[in-house]
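Asks: Structure below; questions to follow.
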2 protein chains.
Amino acid sequence: MRAVDIIIKKRDKQELTSREIGFFIKGFTNGDIPDYQASSFAMTIMLNGMTSRETTDLALAMAHSGQVLDLSKIVDVVVDKHSSGGVGDKTSISVMPMVAACGLPVGKMSGRGLGFSGGTLDKLESIPGYRVDLTTDEFKQQLKDKGIVLTGQSLDLAPADGKMYALRDVTGTVPSTPLIASSIMCKKIAAGATAIVLDVKVGLGAFMETLDEARKLASLMVDIGHLAGRKTVALLSDMNQPLGSTVGNSLEVIEAVELLRGHAPADYWEHCLHVTSHVLVVGGRAKDLAEGRAMAEKCIADGSALEKFRVLVQAQGGDVSYVDDTSKFERAKYVEVVNAPRSGFISQVHARIVGEASVVLGAGRAKKGDPIDHAVGFIIHKKVGDKVEAGEPLFEIHANDEAKLAEARSVVLSAHDFSNKFVSPLPLFYE
Amino acid sequence: MRAVDIIIKKRDKQELTSREIGFFIKGFTNGDIPDYQASSFAMTIMLNGMTSRETTDLALAMAHSGQVLDLSKIVDVVVDKHSSGGVGDKTSISVMPMVAACGLPVGKMSGRGLGFSGGTLDKLESIPGYRVDLTTDEFKQQLKDKGIVLTGQSLDLAPADGKMYALRDVTGTVPSTPLIASSIMCKKIAAGATAIVLDVKVGLGAFMETLDEARKLASLMVDIGHLAGRKTVALLSDMNQPLGSTVGNSLEVIEAVELLRGHAPADYWEHCLHVTSHVLVVGGRAKDLAEGRAMAEKCIADGSALEKFRVLVQAQGGDVSYVDDTSKFERAKYVEVVNAPRSGFISQVHARIVGEASVVLGAGRAKKGDPIDHAVGFIIHKKVGDKVEAGEPLFEIHANDEAKLAEARSVVLSAHDFSNKFVSPLPLFYE
């Protein structure tokens, strides 16, 4: 078998066998197949696509390119919830403790933010001391002892994926549905999740801008999950405007903690309850969504979800006093409230533009490895469908630099559109 | 400007600017753009194509990746004739001396054979001492003094092309019309040719199997030539069966020399006269094809073409006594005449199969750098349309190994098809 023949086969739009995909990924992982063949292969997949079967084989081959965690001796079920990425998406920080509080073990490995899209690890690092670099043994031990882990991707899991992703980033092969799906799912499979809820974001602030693209990605990932023997469910949720009110690292952690205390903007509250119910059902803890929802509401009301988050923070070395008193989070030097320039109904708060403005402030990264500023960001006061009067507070900027503040102000103002007529609020979920 | 954005643009089927193409090739040549980006880029071109304008820019950028010879101070016109490669194609060896004998300076850099397709350099090296590694200075001096040079591609010409070709070979991006066209034309442009005749082969023993593909390649190369300010003409000629009677290195040199003496199979004779006439017209030496043909016939009849070949061989260090007495060429150990197994009309002599059989004998290379055996090959006695009686000589095998001889015998027999009904001879040229 030769790498070039596998490239040629996919170039000519033929379906690859499991053996061919396995051979390619194995060779790529151990260095027998050079980057220049892998990038050419990725481009053929990008342009000619892959079937569900091929994509599953690719995900499995990448999952097995390193260690695959078997957590069945530690816990019966391990649930994972994955978001495809968006702006203001702090869902994992609220949902994972809720699920764990309802008795389902949660072992999750998250990623960092890139570009307009934030990352759970960056957010959690707002809490002084919080470690995101647990070893595999620490991961297992904490899962067993505390029933909740929220850390970074372990280096020995799915090494082919890390190598492939770095290559895709510089060779124009990022936005390929089979490559995205297999990249996400290989990590879930390698990390040992047995029940997976996928939150696929759709809209201006998501990687998938149309419902059709998002549906394809979701259905492909569900197929992979099933073919790999994992219970998998996908939700399609809106990402045209930022989720909840905050965008930025510590600002989002504060909002997530507030939710665990029972206080949250309506959209974020509804989103978290919905996702949690699904996780509880797919994890076999609730018989249906209604029961799941009741459990989710109860764990907030009785404080057990908040307590689970405290346990998590403490277990991973974070200063839990920040959870108890969120005013301890370092505040940005400049906080400016920007008022509505006109009256009307909000017809758009462009999520991607807000996300990009947060990168300008320093809350995100323009490129991998850039440092980030945890204190800066935005508080969005009005959402699509809200009625606003000229002069009313529209949003708040938290910045550490005056020039960047000025730039962010004009950018985020331009992200808001107004209408004279009534505008319906955006749906939270599509399917 | 970033390489990845150029890849993305072509991936998304947009037309690249001259600056973008120039930036990419320059970066690739000097190592700023790594192989894994170049291979991904090549795959986007392979799958999404390029316009004539883009292909011309690519050819020019590759031509200018190294030294571009300016021969205008040495001679007024430099003609080059290029064949896209086939089986038994020894045309350059006859045509270049004919053209030079008619007073047009010929400075040609040729290639080696690969796979079923032979190469002029390998053939010329059958002549003991013949050097194919002239330096650029030697090239210029000989062009000035003798008016004829036939050597290998100089290393400092179009280095981007050599680098790109090596990469294409292992990344599934060889059969792309824009990449083939720009690769051929960049070398012609860099080598200083001002008038170019392209002989594009079509058929079973050519890289282009259909007339439509060949026509596209030819028209693209003509466009490139014109846009680069070179007089360019393309012919489409048949390569379903081997050209002339011989396949193999010294066997083909002998046939080419015999033509210069006035003796040649009808198809090869006609082919050389036709190509020569075109070269004389495009080089401005003849006013039309009829005049070109008369000049071509005259230079054979008066011996001046043969004398020009003697001059060439002598100038490049070859033993000219081999030209004067072709029986001096080393003969293969085994020469076997294979007779027709049945009577009928020849309906096929599959050029690619014969070419591949010549690789089995050792006349060609399975992969770059393999050594070759100059003495071995075939003499084909019957061509498509010929009537043959069972037991009549069909072809002759020249071999240095009995097992290979046996293999070649059965393969080349299978390359011949017979018909009970009359079969028309193949056309020599299509357009």
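The values are calculated or read from the model by the stated rules, or taken from the named source; none is laboratory data. Predicted model, so just to flag it, every value in this text is computed and none were measured. Cβ placement follows ideal geometry from the backbone for every residue including glycine, while neighbour counts extend to all protein chains displayed. All accessible areas refer to the heavy atoms of the entire protein, side chains included, with ligands and DNA or RNA removed. Shrake-Rupley method; radii C 1.70, N 1.55, O 1.52, S 1.80 Å.
Asks: Over what distance in Å are the Cα centres of the stretch A:93-111 and the stretch A:231-298 separated?
Replies: The stretch A:93-111 and the stretch A:231-298 have Cα centres separated by 11 Å.
Asks: Assuming R0 = 56 Å, what is the FRET efficiency of B:Arg53 and A:Ser72, from their Cβ-Cβ distance, to the nearest 0.05? Let's see the in-between values first.
Replies: Details: r = 61 Å, r/R0 = 1.08.
Efficiency, rounded to the nearest 0.05: 0.40.
Asks: Across the stretch A:74-85, in residue order, what do the Karplus-derived ³J(HN,Hα) couplings come to in whole Hz, using 6.51 cos²θ - 1.76 cosθ + 1.60 with θ = phi - 60° and x for Gly and Pro?
Replies: These are the phi-based 3J(HN,Hα) values: 8, 9, 6, 10, 10, 9, 9, 10, 10, 9, 6, x Hz.
Asks: Hey, any idea what % of the stretch B:262-350's accessible area is carbon plus sulfur with a 1.4 Å probe?
Replies: Summing carbon and sulfur atoms, their accessible area is 50 percent of the total for the stretch B:262-350.
Asks: Same structure again: Using just the helices of the protein assembly as shown, give the 222 nm mean residue ellipticity in deg cm²/dmol: DSSP H runs with n ≥ 4 each add -39,500 (n - 2.57), and the total is spread over all residues, rounded to 500. Before the final figure, lay out each step's value.
Replies: Numbers: 34 runs with 403 residues, N = 862.
The per-residue figure over the protein assembly as shown is -14500 deg cm²/dmol.
Asks: Something else now. Defining the label point at 7 Å along Cα→Cβ, can you sort the distances from A:Lys298 to the same site in each other copy, shortest first, in nm?
Replies: 10.8
Asks: Most mobile of B:Ala191, B:Ala366, B:Ala166 per a Gaussian network model of chain B (Cα springs, under 10 Å)?
Replies: Looking only at B:Ala191, B:Ala366, B:Ala166, the biggest GNM fluctuation is shown by B:Ala166.
Asks: Please identify which residues in the stretch B:378-412 have an amide N closer than 12 Å to a label point set 7 Å out from the Cα of B:Glu336, following the Cα→Cβ vector.
Replies: Answer for the stretch B:378-412: B:396-412.
Asks: Once Lys and Arg get +1 and Asp and Glu get -1 on their Cβ, which of A:Gly31, A:Ile6, A:Leu16 lies farthest toward the positive end of the dipole of the stretch A:3-49?
Replies: A:Leu16
Asks: With +1 on each Lys and Arg Cβ and -1 on each Asp and Glu Cβ, how big is the dipole of the stretch A:331-419 about its Cα centre, in debye rounded to the nearest 20? Kindly include the intermediate steps, with their values, before the conclusion.
Replies: Working: 12 positive and 12 negative charges, 53 e Å.
My answer is approximately 260 debye.
Asks: Shifting gears a bit: Tell me the distances, shortest first, between B:Lys368 and the same position across the other copies, using label points 7 Å along Cα→Cβ, in nm to one decimal.
Replies: Reported distances to equivalent positions: 2.9 nm.
Asks: Same structure, new question: Determine ³J(HN,Hα), in whole Hz, for all residues of the stretch A:58-66 in sequence, where each value follows from phi through the Karplus function 6.51 cos²θ - 1.76 cosθ + 1.60 and θ = phi - 60°; x replaces Gly and Pro.
Replies: 3J(HN,Hα) across the stretch A:58-66, in whole Hz: 5, 4, 5, 4, 6, 4, 8, 6, x.
Asks: In the stretch B:1-33, which residues become less accessible by 30 Å² or more once every protein chain is in place, relative to the chain on its own, using a 1.4 Å probe?
Replies: So the qualifying set is B:Val4, B:Arg11.
Asks: What are the label-to-label distances in nm, one decimal and shortest first, from A:Lys333 to the same spot in the other copies, with labels 7 Å along Cα to Cβ?
Replies: 8.7
Asks: While we're looking at this one, here's another question. Tell me which aspartates and glutamates have Cα within less than 14 Å of A:Lys387's Cα, excluding those fewer than 8 residues away on the same chain?
Replies: A:Asp417
Asks: Turning to a different aspect of this structure: When the C-alpha atoms of the stretch B:1-85 are aligned to their principal axes, what extent does each axis show, in angstrom, from largest down?
Replies: Result for the stretch B:1-85: principal-axis Cα extents of 45, 26, 24 Å.
Asks: Skipping prolines and chain starts, which residues have an amide H placed within reach, meaning under 5 Å, of the one on A:Phe207, given they are 5 or more residues away or on another chain?
Replies: For A:Phe207, whose amide H was placed from the backbone, there are no distant partners under 5 Å.
Asks: When Lys and Arg each count +1 and Asp and Glu each count -1, what net charge do the other residues less than 15 Å away from B:Leu167, Cβ to Cβ, add up to?
Replies: Values: positive: A:Arg11, B:Lys163, B:Arg168, B:Lys368; negative: A:Asp35, B:Asp35, B:Asp161, B:Asp169.
For residues surrounding B:Leu167, the net value is 0.
Asks: Let me ask another. Find the sum over both chains of the accessible area lost when A and B are paired, probe 1.4 Å, and report it in Å² to the nearest 100. Kindly include the intermediate steps, with their values, before the conclusion.
Replies: Numbers: alone 16960 and 16980 Å², together 32380 Å².
For chain A against chain B, roughly 1600 Å² becomes buried.
Asks: How large is ³J(HN,Hα) for each residue in the stretch B:88-96, as worked out from phi by the Karplus curve 6.51 cos²θ - 1.76 cosθ + 1.60 (θ = phi - 60°), to whole Hz, x for Gly and Pro?
Replies: x, 8, 9, 4, 4, 5, 8, 6, 4
Asks: Taking each residue in A:99-110, count the Cβ atoms of any other chain within 10 Å of its Cβ, then average. What number comes out?
Replies: On the way: counts 0, 0, 0, 0, 0, 0, 0, 0, 0, 0, 0, 0.
That average works out to 0.
Asks: Also: Among A:411-422, A:28-39, what's the highest-first ranking by average C-beta atoms within 10 angstrom per residue? Please report the intermediate quantities before stating the final value.
Replies: Values: A:411-422: 15.8, A:28-39: 19.8.
Final packing ranking: A:28-39, A:411-422.
Asks: Also: Just the accessible area per residue of the stretch B:79-324, please: how many Å² with a 1.4 Å probe?
Replies: Numbers: 7520 Å² over 246 residues.
The answer is 31 Å² per residue.
Asks: While we're on this one: Which order, highest average first, do A:75-86, B:213-224 follow once you tally other Cβ atoms within 10 Å for each residue and take the mean per peptide? Let's see the in-between values first.
Replies: Numbers: A:75-86: 23.2, B:213-224: 21.5.
Highest-to-lowest ranking by the protection proxy: A:75-86, B:213-224.
Asks: Below 8 Å, C-alpha to C-alpha, sequence gap of six or more: please give me the relative contact order for chain B in percent.
Replies: Working: 930 pairs, mean separation 83.2, N = 431.
It comes to 19 percent, rounded to a whole number.
Asks: Going by a 1.4 Å probe on protein heavy atoms, which residues of the stretch A:160-174 end up with at least 20 Å² less accessible surface in the whole assembly than in their chain alone?
Replies: Relative to the lone chain, where solvent access is computed with a 1.4 Å probe, the stretch A:160-174 loses at least 20 Å² at A:Val170, A:Thr171, A:Gly172.
Asks: Any idea what the dipole of chain A comes to, in debye rounded to 20, about its Cα centre with Lys/Arg Cβ at +1 and Asp/Glu Cβ at -1?
Replies: Values: 48 positive and 54 negative charges, 161 e Å.
My answer is approximately 780 debye.
Asks: Could you check which residue among A:Val257, A:Val338, A:Val132 shows the biggest mean-square fluctuation in a GNM of chain A with a 10 Å Cα cutoff?
Replies: A:Val338
Asks: Please find, in a Gaussian network model of chain A (springs between Cα atoms separated by less than 10 Å), the residue of A:Ile372, A:Ile380, A:Ile353 whose mean-square fluctuation is greatest.
Replies: Maximum fluctuation in the GNM of chain A, among the listed residues, is at A:Ile372.
Asks: For each pair in B:Lys13/B:Lys368; A:Lys144/A:Lys367; B:Lys123/B:Lys187; A:Lys163/B:Lys216; A:Lys108/A:Lys298; A:Lys9/B:Lys13, compute the distance between the two Cα atoms and list the pairs where it is over 27 Å.
Replies: Numbers: B:Lys13/B:Lys368 33 Å; A:Lys144/A:Lys367 36 Å; B:Lys123/B:Lys187 20 Å; A:Lys163/B:Lys216 39 Å; A:Lys108/A:Lys298 23 Å; A:Lys9/B:Lys13 22 Å.
Correct reply: B:Lys13/B:Lys368; A:Lys144/A:Lys367; A:Lys163/B:Lys216.
Asks: Test of understanding: what is the full-extension gain from B:Lys367 to B:Ser327, defined as 0.36 nm times their sequence separation minus their Cα-Cα distance? Intermediate results must be reported in sequence, preceding the final value.
Replies: Details: separation 40, 0.36 × 40 = 14.40 nm, distance 3.04 nm.
Length gained between B:Lys367 and B:Ser327: 11.4 nm.
Asks: Starting from the amide H of A:Lys201, placed 1.01 Å from N in the peptide plane, find each other amide H under 5 Å away whose residue is 5 or more places distant or on another chain.
Replies: HN-HN under 5 Å from A:Lys201: A:Ser84, A:Gly85, A:Ser237.
Asks: Sticking with this one: Which value, in Å², gives the accessible area per residue of the stretch A:3-49 when a 1.4 Å probe is used on the protein heavy atoms? Display every interim value, and only then the final one.
Replies: On the way: 1880 Å² over 47 residues.
So the stretch A:3-49 comes to 40 Å² accessible per residue, rounded to a whole number.
Asks: Any chance you could check the Cα centroid distance between the stretch B:1-80 and the stretch B:326-400 for me, in angstrom?
Replies: 40 Å
Asks: Nearest 10 degrees, 0 to 90: what angle lies between the long axis of helix B:351-361 and the longest principal axis of chain B (Cα atoms)?
Replies: Compared with the principal axis, the helix lies near 80 degrees.
Asks: In degrees, nearest 10, range 0 to 90: what is the angle between the Cα axis of helix B:136-146 and the longest Cα principal axis of chain B?
Replies: Value to nearest ten degrees: 50.
Asks: Separate question: Calculate, in nm to one decimal, what B:Glu392 and B:Glu407 gain on full extension: separation in residues at 0.36 nm each, minus their alpha carbon distance.
Replies: On the way: separation 15, 0.36 × 15 = 5.40 nm, distance 2.08 nm.
Result: 3.3 nm gained on full extension.
Asks: Whose amide H sits under 5 Å from the amide H of B:Gly152, counting only residues 5 or more places off or on another chain, with H placed in the peptide plane?
Replies: Under 5 Å from the amide H of B:Gly152 lie the amide H atoms of B:Ser110, B:Asp133, B:Leu134, each far enough along the sequence or on another chain.
Asks: Which of the listed residues, B:Leu413, B:Gly369, B:Gly344, is farthest toward the dipole's positive end in the stretch B:331-419, when Lys, Arg count +1 and Asp, Glu count -1 at the beta-carbon?
Replies: Comparing the listed Cα positions along the dipole, B:Gly369 ranks first.
Asks: OK, next. Which is farthest toward the positive dipole end of the stretch B:294-431 among B:Cys299, B:Gly391, B:Gly317, measuring Cα position about the Cα centre, with Cβ charges +1 (Lys, Arg) and -1 (Asp, Glu)?
Replies: Final value for the positive-end residue is B:Gly391.
Asks: Another question about this same structure. Let me know the charge dipole size of the protein assembly as shown about its Cα centre in debye, to the nearest 20, where only the beta-carbon of Lys, Arg (+1) and Asp, Glu (-1) is charged.
Replies: Value, rounded to 20: 280 debye.
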